[in-house]
Amino acid sequence: MAMAPIRLGLRRIRQQGLLATGRLSRSLKANGLGDQAFLSQVHRFERLLAKLLAAAMIVVLVVATGELVITLINQLLGGSSHWLGNDMTRFLDQILALLIALEVLQNLTAYLRDHVVQIELVLITALTALARKVIVMPEGMLKTPGELAGLGVAVLALSSAYWLVRQSHSSRSPTRREPTSGFPEPDRSLQPGDAAEG
């Protein structure tokens with residue numbers, strides 16, 4: 001008997017709390033602070049940030065490419081004959097670093113275009129960065145068997161992940177948003193005999 005008033009009191013408190021929550025939700029929506037408005041603001045901020053990062057990557061790519069060209073011209077005009085030594089290694093390192101920066105820019109533009117982080121591009125960028133470590137070993141890096149085995153395992157893991165992602169995409173039916181050529185696709189529902197009948 002004594003529990004009935006307590007249950008009734010708890011029920012009233014819950015109802016009042018739900019009513020207050022509903023009033024708060026309606027008030028926020030009326031003031032433009034509802035879920036959809038908030039999510040659109042977050043989406044707008046994400047797009048602005050991605051644009052700023054893409055612009056920064058363009059500046060980095062232009063400056064780094066200019067530096068690479070100037071270095072190459074200086075090497076050619078200086079009459080350097082050490083192309084197979086450290087100069088070649090540094091040149092390859094710079095080219096691979098530019099490719100990684102270019103792939104990061106592609107990640108950003110793909111996000112701006114599709115509003116989704118594309119895992120394939122991220123894995124390719126990671127593979128390129130790892131290949132840079134394998135191809136052009138930094139001078140200070142100890143080339144112990146453990147470190148080399150770790151790099152090998154990392155390459156194998158990233159390659160496997162990329163293969164799995166590609167397999168999952170190829171097993172799905174392809175979706176096309178627009179024709180690949182500038183011409184509209186012909187209507188395949190009409191058979192050759194149908195045109196003669198009509």
Output the residues belonging to region 34-72 that are of a type in the set (A, V, I, L, M) and under 17 Å from Asp93 (Cα atoms).
Val60, Leu61, Val62, Val63, Ala64, Leu68, Val69, Ile70, Leu72
Name the single residue that is farthest from the chain's Cα centre (by Cα) among those in region 140-190 being at pLDDT below 80, of a type in the set (Ser, Thr, Tyr) and part of a helix (DSSP H, G or I).
Ser171
For region 84-137, how many residues are touching a helix residue (DSSP H, G or I) at 6+ places or on another chain (Cβ under 9 Å), without any contact (Cβ under 8 Å) to a residue 40 or more places away in the chain, in a helix (DSSP H, G or I) and polar (S, T, N, Q)?
5
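The values are calculated or read from the model by the stated rules, or taken from the named source; none is laboratory data. Fair warning: this is a prediction, and the values are worked out from it, not measured in the lab. When we count neighbours, we look across all protein chains shown, and the Cβ atoms used for this are built from the backbone with ideal geometry, even at glycine.
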